[in-house]
Amino acid sequence: MKQPQTSRRSFLALAALTPFAVAATSACGTSGPGASSANGGASMWFLSGEPNQTNMQKAVDAFNQANPGNKIAVTFFQNDAYKTKIKTAIGANQAPTIIYNWGGGTLKTYAEANQVEDLTSWLESEPDLKKKFFPSTFSAATVNGKIYALPNMYVGPIVLFYNKELFQKAGVQPPRTWDDVMSLVKTFNGMGVAPFSLGGQSRWTSMMWLEYLLDRIGGPDVFKAIFEGKPNAWMDPAVVETGTKIQELVSADGFIKGFSSITADSNADQALLYTGKAAMMLHGSWTYGPMKKDGKNFVQDGKLGFVQFPTVAGGKGDPKNGVGNPANYQSISAKASDKEKESAKKFLKDGIMTDTMIDAYINSGSVPIVNGIESKLNTSPDKDFLNFVYDLAKNAPSFQQSWDQALSPTAAEALLNNIDQLFLKSITPQQFAENMNGTLGK
């Protein structure tokens, strides 16, 4: 899933990038496994890619100038290289002081191995810092009731986009319920327009449908039980009902023909929406920027609509609940020295999500994960969309992290394979639930 500033692969650590580190270390010292900067500071590893790399480097430089006794040495890595490097470093007890991560299943592994610091008491002693961030962002940072990471950067919820021009021609409104969805499928198929665009070959795009449907049907506790590995959690009736509704949508020609051969990485699914070949698309908020850039004024002319995912009759999920990428995260190595931990905490408190960084993210077309930025968003030419994303993320009673990041790597790969088969109807919803149930604890 691509964003204006980076691909979704940067959120989910799935990018096929060249495995070379990008050395961009601040002048205060060098950074490497377990290395700290000069003057007793701390080391930090972060992902390369613009504008995030430049934004973070500027934040480090500004912090180091203001805090000569607590300097941060930062090294940037491309995505896949970082995954390999950090896994090796943590296993050898040579991690950098500040560990970039995605929360969820990966963080759970670190926490249960006592590799990252429990930040719960520190955040309790810094209530203003914790209140700065969206409450929903702490879910993926929490393991067994304790917080092991501080959220950072921007939020990426999944949004239901629609082509206003096509809806106007059809004389219909965007869907508010699942019954509306199925009715619109008939309407647009009757017009010769695909109801939904879908880059199904990428698999994670299909996953977004299950994430929202399961929440709307069963509420957030169903996936919470799955995440916690509770016995037979995948066998919840809401899982089977979710799969049933998906296959009903597929059978009704809800998705564009040939969706299983369309890739999201090429933005082909976005093009189907803004060229009028598809009426709707469920996708990440980060697709707004590419559609604005490549859509030949589709966005600028006000033809792009966006709404929350519909409700399901009799469902337990709050219609304000969101799914997607609540944030990215930074943890502190439990193996770091007390001085390094002190420098890291000072940087996490004072060095990131400053007003300068917040402005940079907004100018990039993203919504930083901090409260009280309404006035800043309202000065943007993209204020309507940014405010929609801001309100969705800020007000979500539950914001479920993308499943393939929340689960362990083994379970996540099995999930994507089974989702692919579910959408192709080569397995039944019951078989999907049974297959996934076999991954619990793996």
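The values are calculated or read from the model by the stated rules, or taken from the named source; none is laboratory data. In this text the structure is predicted, and so the values were computed from the model without any measurement. Positions of Cβ are backbone-derived with ideal geometry, glycine not excepted, and every protein chain shown enters the neighbour counts. Just the protein is used for accessible areas: all its heavy atoms, side chains included, with ligands, DNA and RNA removed. Shrake-Rupley method; radii C 1.70, N 1.55, O 1.52, S 1.80 Å.
So is SER285 surrounded by 21 or more Cβ atoms within 10 Å (Cβ to Cβ), more than 16 Å from LEU198 (Cα to Cα) and not aromatic (Phe, Trp, Tyr) or not? Before the answer, list the steps.
Details: surrounded by 21 or more Cβ atoms within 10 Å (Cβ to Cβ): yes; more than 16 Å from LEU198 (Cα to Cα): no; not aromatic (Phe, Trp, Tyr): yes.
It is false that SER285 is surrounded by 21 or more Cβ atoms within 10 Å (Cβ to Cβ), more than 16 Å from LEU198 (Cα to Cα) and not aromatic (Phe, Trp, Tyr).
Check LYS245, LYS257 and return the single one that is open to solvent by 10 Å² or more (accessible area, probe 1.4 Å), closer than 22 Å to VAL307 by Cα and either among the charged types (D, E, K, R) or modelled with pLDDT under 95 (or both). If you could, list the steps in order and put the result at the bottom.
Numbers: LYS257 fails: closer than 22 Å to VAL307 by Cα.
From the options LYS245, LYS257, the qualifying one is LYS245.
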Tell me, please, whether a residue that is of a type in the set (Phe, Trp, Tyr), at pLDDT 95 or above and touching a helix residue (DSSP H, G or I) at 6+ places or on another chain (Cβ under 8 Å) can be found in segment 271-286. yes
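I want to confirm something. Restricting to segment 103-134 and keeping residues that are part of a loop (DSSP other than H, G, I, E, B) and either open to solvent by 50 Å² or more (accessible area, probe 1.4 Å) or hydrophobic (A, V, I, L, M, F, W, C) (or both), which single residue is nearest to ILE369 (Cα to Cα)?
Going residue by residue through segment 103-134, those that are part of a loop (DSSP other than H, G, I, E, B) are 103, 113-115, 117-119, 126, 134.
Narrowing the set further to residues that are either open to solvent by 50 Å² or more (accessible area, probe 1.4 Å) or hydrophobic (A, V, I, L, M, F, W, C) (or both) leaves 113-114, 118-119, 134.
Working: ALA113: 28, ASN114: 27, ASP118: 21, LEU119: 19, PHE134: 6 Å.
Ranking the qualifying residues of segment 103-134, first place goes to PHE134.
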Matching residues, segment 351-380, being surrounded by fewer than 19 Cβ atoms within 10 Å (Cβ to Cβ), part of a loop (DSSP other than H, G, I, E, B), in contact (Cβ under 8 Å) with a residue 24 or more places away in the chain and of a type in the set (Ser, Thr, Tyr): THR354, SER364
Since TYR100 meets every condition but one in (1) touching a residue at least 24 places away in the same chain (Cβ under 8 Å); (2) open to solvent by 10 Å² or more (accessible area, probe 1.4 Å), which condition does it not meet? (2)
Only one of these conditions is not met by ILE86: (1) under 21 Å from the mean Cα position of the chain (by Cα); (2) under 25 Å from ALA113 (Cα atoms); (3) open to solvent by 10 Å² or more (accessible area, probe 1.4 Å); (4) not aromatic (Phe, Trp, Tyr). Which number is it? (3)
By residue number, the members of segment 52-83 that are closer than 19 Å to GLY351 by Cβ, part of a helix (DSSP H, G or I) and open to solvent by 50 Å² or more (accessible area, probe 1.4 Å) are THR54, LYS58, ASP61, ALA62, GLN65, ALA66
For segment 361-377, give me the residue count where each residue is under 19 Å from the mean Cα position of the chain (by Cα) and hydrophobic (A, V, I, L, M, F, W, C). 4
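Please work out if LEU424 is of a type outside the set (Ser, Thr, Tyr), in contact (Cβ under 8 Å) with a residue 60 or more places away in the chain and farther than 24 Å from GLY104 by Cβ. Give the steps one after another, and end with the answer.
Values: of a type outside the set (Ser, Thr, Tyr): yes; in contact (Cβ under 8 Å) with a residue 60 or more places away in the chain: yes; farther than 24 Å from GLY104 by Cβ: yes.
When the stated conditions are applied, LEU424 passes them.
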Among the residues of segment 135-177, count how many are part of a helix (DSSP H, G or I) and under 18 Å from the mean Cα position of the chain (by Cα). 7
It is to be established whether one or more residues within segment 310-325 are part of a helix (DSSP H, G or I), touching a residue at least 12 places away in the same chain (Cβ under 8 Å) and surrounded by fewer than 17 Cβ atoms within 10 Å (Cβ to Cβ). no
Cβ-Cβ under 7 Å, sequence separation 6+ or interchain: first residue in segment 135-164 and farther than 26 Å from PRO319 by Cα and open to solvent by less than 10 Å² (accessible area, probe 1.4 Å), partner of a type in the set (S, T, N, Q) and not in a helix (DSSP H, G or I). Which pairs? ALA149/ASN101; ALA149/GLN330; ALA149/SER331; LEU150/GLN330
For segment 409-425, how many residues meet the condition of being more than 22 Å from VAL250 (Cβ to Cβ) and surrounded by 19 or more Cβ atoms within 10 Å (Cβ to Cβ)? 2
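In segment 294-308, which residue that is closer than 17 Å to ALA278 by Cβ and assigned to a loop (DSSP other than H, G, I, E, B) is most open to solvent (accessible area, probe 1.4 Å)?
From segment 294-308, those closer than 17 Å to ALA278 by Cβ are 294-296, 298-299, 303-307; that's our starting set.
With assigned to a loop (DSSP other than H, G, I, E, B) added as a condition, the list becomes 295-296, 298-299, 303.
Numbers: GLY295: 5, LYS296: 185, PHE298: 9, VAL299: 19, LYS303: 65 Å².
Out of the qualifying residues, it is LYS296.
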Report, by residue number, each residue of segment 180-221 that is open to solvent by 10 Å² or more (accessible area, probe 1.4 Å), out of contact with any helix residue (DSSP H, G or I) (no Cβ under 6 Å at 6 or more places or on another chain), more than 16 Å from PHE309 (Cα to Cα) and of a type outside the set (A, V, I, L, M). LYS186, ASN189, GLY190, GLY192, SER202, ASP221
